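**Q** Once you've had a glance at the structure underneath, I'll fire off some questions.
Where a number appears in this text, it was derived from the coordinates with a stated rule and is not lab data. Treat the numbers as computed from the prediction; the structure is a model and nothing was measured. So basically every Cβ, Gly included, is an ideal-geometry build from the backbone, and we count neighbours across all protein chains shown.
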Amino acid sequence: MQPQITDYNIQLMSGIQSINITWNISISNRLECNITKYVLTLMSNQSQNQKFLVKEIVSSTYNGHVLDNLLPGIKYNIKLTPSTSNGTLPSSPLYSISTLMTKNDVQIKNISTKYENGKIKVNWILVNSHQQYSPFEEPVTSIIKYKLKRILSCSLREVEQNWTSISIFNRTDYEIFDTVPNSQYSIQVSVHVKAKKNTQQENMIHALTPASNPKTEPILDPDHPMCITNNSIFVQWKFDPENCSKLNGFLSQFYIELKDKVDGILQIRETKNNYISINELKSNTAYELKIFIKTHFGYNPDHFYSSISRLNLKI
């Protein structure tokens, strides 16, 4: 008669390209048939269609087997089905185990970026090196490195800045905070392996941040003091190039507001020059002057020249 077996005592141990499976089946009744064959069913989803592999062991003395020539870093499902001369016995439960990986078994692919609310969101996928586009399911530590490469508001020259390096475990995304608008960032993503020192060049991408309102303002030119008459004003200013990173865009012109504080009349002028002369003003009148930097994106109403914000024109 068929043996009544409920526990196969299966144990699994993975290698880089192999899985060692052992079992221990005890037959307590001498009237029960001996096991004559073991069938191992090995399943994996290495591609879009699940691939089934079957290995047969025809010796009843075996209590284990090494499944070799497997792909590293792949999850396999295994079950054991014993057979006697009277037929097959119930299969064991399905066991899942993954082969180990080496530094060459996983690759970074499809790095992408998305800018949102001042952050660069970076995403990538992990694939098995031995089967293109096959996802890598095991936890992996990735290294993301990034640095500011160019501040386009200043020039096209590269910025001297060190790389920022972050280790990320079991994730394929990261957010870069506090980015500089209208700039270019270099981003690298690699697999963390102690023996691997160089980041693969194909895993580097460049991301651009969009422009935004400027966060800086002109300053009064000390070499050309403001000149006020009874009906006109002349003012000259300059922009400190040290603050170019705060332009957040490309400087296009200057936006000027001159407001009559008595009747509230507002005059608006725009100029590409760094000076302006406004005539035909009313004497004995208080004026408020504001000068804004305007880029191709626009101007910021919160940042303006304010060394002298009120002008009293009197005779």
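**Q** Would you mind calculating the gained length between residue 41 and residue 20 on full extension (0.36 nm times residue separation, minus the Cα-Cα distance), in nm to one decimal?
**A** On the way: separation 21, 0.36 × 21 = 7.56 nm, distance 1.36 nm.
Between residue 41 and residue 20, full extension yields 6.2 nm more.
**Q** What percent does the relative contact order of region 174-300 come to when contacts are Cα pairs within less than 8 Å and at least six residues apart?
**A** Values: 226 pairs, mean separation 33.6, N = 127.
Worked out over region 174-300, it gives 26 percent.
**Q** Another question, then. Provide the net charge surrounding residue 246, with neighbours chosen by a C-beta distance below 11 Å and charges set as Lys +1, Arg +1, Asp -1, Glu -1.
**A** -2
**Q** Further question: Listed highest first by mean packing, meaning other Cβ atoms within 10 Å per residue, what order do 243-252, 167-176, 264-273 come in? Don't skip to the end; give the middle numbers.
**A** Values: 243-252: 18.3, 167-176: 13.8, 264-273: 10.9.
Per-residue Cβ counts within 10 Å, averaged per peptide and sorted highest first, yield 243-252, 167-176, 264-273.
**Q** For region 211-273, treating each Cα as an identical point scatterer without solvent, what Debye log10 I(q)/I(0) comes out at q = 0.23 1/Å?
**A** -1.12
**Q** By how many nm would the segment from residue 170 to residue 85 grow when fully extended, if each residue of separation counts as 0.36 nm and the alpha-carbon distance is taken off? Kindly include the intermediate steps, with their values, before the conclusion.
**A** Details: separation 85, 0.36 × 85 = 30.60 nm, distance 4.81 nm.
Contour length minus Cα-Cα distance gives 25.8 nm.
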